[in-house]
Structure formats: C-alpha cells, structure tokens
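Dropping the structure in here first, questions after.
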Amino acid sequence: MRNRPENHLFYGDNLAVLRKEIADESVDLIYLDPPFNSNATYGILFKEPDGRASNAQIEAFEDSWHWNDSAEDAFDQVARSGNTKAFDLLNAMRGFLGDNDMMAYLAMMAVRLLELRRVLKSTGSLYLHCDPTASHYLKLLLDATFGGKCFRNEIIWHYRRWTGGARRFQQLHDTIFFYTRSNDYTFNTAYTPYTEKSLRRKQNYHTRIKGDDTYVTTIDDRGVRENDVWQIPLLNLQSHERLGYPTQKPVALLERIIAASSNEGDVVLDPFCGCGTAVHAAQKLGRQWIGIDVTHLAISLIEKRMNDAFPAATFTVEGTPKDLASARDLALRDKYQFQWWAVSMVDALPSGGRKKGADGGIDGLIYFNDHDVAAGKMVTHRAIVSVKGGLNPDVTMVETLAATIAREKAPIGVLIMNATPTREMERRAAAVGIYRAGVGETFPRLQILTLADLFQGKRPRIPNVDRAAFRRAAREATGTQPGLL
C-alpha cells in the first residue's frame, strides 16, 4: 500500500483500490455521491455533430443492487471489521429490511465507509451526497462509522427544476451529510454578502444604539456566515459545464465543499467519481486529488475533461491497460469494459450497451467531414468501429463488419482485434474496396487494427475527423477562489 501524493485516476472497484493503494490517514477530504435508485440505469449521452441527440446512449452502469454472494460477503466483512457498532447497526437493518436490494446497497456502503474512515486524516472531513431514497439509512451508517459526535451538518442543496405532475410536493433538493474524523478538523468559514436590505437594517440598528454601553455590536465586512441551505442551480442542458453525464454536479457545489474543508495542497478523494466534477474542482482550487471509478467510460471521460480544462495538469491513470498482456486480461474479465477501453483508444464515441445485441455490430463511431462533389458541399459521415476481444481470428469478423458498413451506408469501418488477423481476413478486408475522399486521397473502407497496433501508436486512417460530438470542458484557471472564503 502506498501513500498517494499528487493526482491519480484509478479504474476499478473502489473497495479494492482503497485497500491496495491508499494509505492510512493520507486523505484530507472525501466527497462521495454513491448511486442508488432501484432499477435505474444511468447512461452517458453523446450528441451528433449537428447537435441532435445521438443514438449512442451508453448504459455506463446499472445501480440496481441485489442481495447476492457479493452483498453477503460485504456483510461478513463488516462483521469481521472489529467495528461492533457498525455491524450491530447493519445487522439490525438486515432484520428490518430483509435480504433485498436496499440491504445489498447498505452492506456494500458500510464496508466502504469503514475503509474511507481509515484513509481519512484525523483532521479530515467527509461529505456524503444522497437523495431521500436511502439518506436516512446512510445517516445511521455514518453515525455508527464515525460516531454521532462527529456529525457536523446536514446540508440541503436546493435547486429549481420541473418535476412533472406527481401527487406529492416537488422534490427540489439533495442532502449532503458532513462528518469529520475528530473534533480537530479543517474548516474555513464561508461568507455570503449582505443583501442591501439586511445591511441597511444592521446599519440603522448600529446607529440607534451607538453610545449605549449596554450593547456592543459590529458589522462584519465579510458578510453573513454561510448556512446549511445552499442555493446552487442544477446544470441545464445548455450549460457550458455539461459533458453528457446524467448525474453530473455543478463545479460550484464541489468548490464550496472543497474550499470549506481543505487547504491548498491537501488531498481530495472521490471514490465514485463519475464524470469527475470533484477532481475538476480540486484541481481548480490547487488541491491534490484521487478519483476512482468502476467504468472505463467514466475514466476516459475524466481524462479528456482534465486535459481540456487544465492542459498543464499532470496526473496518472492507473488500472487501465498499459500493455498487450493487461489489455488481453481485461478482454477476458469484462467484455464491455474492454470494448469501451478499445473504443476510447481510437477516440471514437462508444455505441451500444450491456444488453445482448444492443449494439447491432457497432461498438463505436468516428464522425468525419468530407466534401461531397455531387452535392457541392461538406457533409458529415460516420466511420463504424467494431471490437472483437476473442483470441481466435475468424473471417466472419470481417464479413460481419462489411455487412454492417453496407447496412449503415458507412464509408469506412474499423475492426479492432485482440488476435492477429489471418491472410484471408486481410484479403477480404481489402476486397471491400477503398473510400476516395473529396480531396482525392484514398482510404481502405475496412481497416484492421490489432491491440499490438494500438500500443504501437497506430490509429485508423480517417480524413477530417469531427470532434464536435465530444463535449469539451472549458479551459480553467487554477488557484484559490477568494469569493468562496
């Protein structure tokens, strides 16, 4: 286990990463937004280059938790942890809830909260973000893990949105629980400016009682101390921050948390980092950071986000394949993660999902622009990417992609293979023909790349690739944000 300074992204189960990579009492601030909304499926949404919604909606993960061997193992790990309060509470919850989806989620969260407390410094803080689905249960788990005396605030993040015509009051807030490891913790008091009305009221009161020794009053030039109800807007669909991740939080929300409970140079950890808003805010405010996520889609999205927003930032990406052996290992362990990783290697938009047959033979799309001589204008085309993780080369891989190219009327298709193609596969790929770009340059219509090719830096030959389908994070300046303090 290593102490982790600087900045790191980890692909993998956060429980395993915490235990293997993060040392005891090495983190100053933890923010986590663990997903739970029974039977919901979260997707990463991409857009066509012309701005229309794309068919490439990716089921990044399902947060439908179920009581199974993994949940039972998590429950047993809490029993063996030595934290009797946490286990007594979890066991009581199991008696009340039974072995259902909610209980599976709570068992998984309990064992992770124990690890998060372990890596948190004695002066550190934890902010857990949740909605009413499980907030009451999570509050009890936090009390058992950190101790009720270490509870500091229940923060209400209030926002406006249209929630439809359900027969109940509109739900316009999330809850954020603020806990510390001890009574000696970092906290930078935040202030908000006085409104003109409240400032006049204070000034009038001060004038009225001036000279009366019974009273001492002052007007604090910094404003009013921030309260526990935060009015921060949701990200609307037109927001320049939005990157296509459905549960994306505004940077302003994370800036407020990080500014309050850490200082420059401190280490911020997000073990469910999603699209990376917490690590983005940490980088912006001059903190070190660690992000963990269980999908390659999220990790590749964060990597692009950080490179766009902070071109000079340095960070490592760990747990993703770095050589042929680790790529083949991923292909054997998880078909979908392997596909998404391979697609990201050629800068394609992922397509399809976890459902069998959902991709229609298309694992990724690369948009490109070309001059249509007949039409006399530039048009946008799609190159199709197909990923095959098997170790046995098969000519049907080429035939299937060729049929998909014809069906989709795509000018170019790219086959990414784990295995080495046979001569017959190469012959049939060449027989698909060439694509002649408007400028007269020619490109193979069916191109084959192996994993070895990717690690050697080879990429598809495609003219005028259009990057508009990828939402780019705006470039940020780094440093402290005095308006928050």
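Test residue 175 against the stated conditions and say whether it is under 23 Å from the mean Cα position of the chain (by Cα), surrounded by 12 or more Cβ atoms within 10 Å (Cβ to Cβ) and β-branched (Val, Ile, Thr). Spell out how you get there, then give the answer.
Working: under 23 Å from the mean Cα position of the chain (by Cα): yes; surrounded by 12 or more Cβ atoms within 10 Å (Cβ to Cβ): yes; β-branched (Val, Ile, Thr): yes.
Considered against the rule, which asks whether it is under 23 Å from the mean Cα position of the chain (by Cα), surrounded by 12 or more Cβ atoms within 10 Å (Cβ to Cβ) and β-branched (Val, Ile, Thr), residue 175 comes out as yes.
Shifting gears a bit: Within segment 64-100, restricting attention to residues that are of a type in the set (Phe, Trp, Tyr) and in contact (Cβ under 8 Å) with a residue 24 or more places away in the chain, which residue is surrounded by the fewest Cβ atoms within 10 Å (Cβ to Cβ)? Break it down into steps so the answer makes sense when it comes.
Step one: filter segment 64-100 for residues of a type in the set (Phe, Trp, Tyr), giving 65, 67, 75, 87, 96.
The next check asks that each one be in contact (Cβ under 8 Å) with a residue 24 or more places away in the chain; those that pass are 65, 67, 75.
Working: 65: 22, 67: 19, 75: 22.
The selected residue is 67.
I've got another one for you. When you look at residue 314, is it polar (S, T, N, Q), on the phi < 0 side of the Ramachandran plot and modelled with pLDDT under 90, yes or no?
Values: polar (S, T, N, Q): yes; on the phi < 0 side of the Ramachandran plot: yes; modelled with pLDDT under 90: no.
Criteria not met by residue 314.
Further question: Among the listed residues 330, 365, which satisfies the condition of being touching a helix residue (DSSP H, G or I) at 6+ places or on another chain (Cβ under 7 Å) and modelled with pLDDT of 90 or more?
Numbers: 365 fails: touching a helix residue (DSSP H, G or I) at 6+ places or on another chain (Cβ under 7 Å).
From the options 330, 365, the qualifying one is 330.
I need the full set of residues from segment 122-139 which are crowded, with 17+ Cβ neighbours inside 10 Å, of a type outside the set (Phe, Trp, Tyr) and in a helix (DSSP H, G or I), in order please.
Of everything in segment 122-139, those that are crowded, with 17+ Cβ neighbours inside 10 Å, of a type outside the set (Phe, Trp, Tyr) and in a helix (DSSP H, G or I) turn out to be 135, 138, 139.
Is there a residue being aromatic (Phe, Trp, Tyr) and in contact with a strand residue (DSSP E or B) (Cβ under 7 Å, 6 or more places away or on another chain) anywhere in segment 217-240? Steps first, answer last, please.
Applying the first criterion (aromatic (Phe, Trp, Tyr)) to segment 217-240 yields 230.
If we keep only those that are in contact with a strand residue (DSSP E or B) (Cβ under 7 Å, 6 or more places away or on another chain) as well, we get 230.
Yes, there is a match, as at least one residue in segment 217-240 is aromatic (Phe, Trp, Tyr) and in contact with a strand residue (DSSP E or B) (Cβ under 7 Å, 6 or more places away or on another chain).
Among strands (runs of 3 or more DSSP E) lying entirely in segment 375-447, which contain 3 or more residues that are of a type outside the set (Gly, Ala, Ser) and surrounded by fewer than 14 Cβ atoms within 10 Å (Cβ to Cβ)?
Values: elements: 377-388, 412-417, 434-436, 442-444.
Passing ranges, in order: 377-388.
Further question: When you go through (1) at pLDDT 90 or above; (2) more than 23 Å from residue 474 (Cα to Cα) one by one for residue 292, which number turns out not to apply?
Result: residue 292 fails condition (2) only.
Would you pick out the residues in segment 120-165 that are of a type in the set (Phe, Trp, Tyr) and free of Cβ contacts under 8 Å to residues at least 40 places away in the same chain? So that I can check it myself, show each step before the final result.
Of all residues in segment 120-165, those of a type in the set (Phe, Trp, Tyr) come to 127, 137, 146, 151, 157, 159, 162.
Scanning segment 120-165 gives 146, 151, 162.
Still on this model: Would you confirm, using the coordinates I've provided, whether residue 153 is at pLDDT 95 or above and either more than 19 Å from residue 34 (Cβ to Cβ) or assigned to a loop (DSSP other than H, G, I, E, B) (or both)?
Numbers: at pLDDT 95 or above: yes; either more than 19 Å from residue 34 (Cβ to Cβ) or assigned to a loop (DSSP other than H, G, I, E, B) (or both): no.
For residue 153, the condition - at pLDDT 95 or above and either more than 19 Å from residue 34 (Cβ to Cβ) or assigned to a loop (DSSP other than H, G, I, E, B) (or both) - is not met.
The values are calculated or read from the model by the stated rules, or taken from the named source; none is laboratory data. All values derive from a computational prediction rather than experimental measurement. Cβ coordinates were reconstructed from backbone atoms using ideal geometry, including for glycine residues, and neighbour counts include every protein chain displayed.
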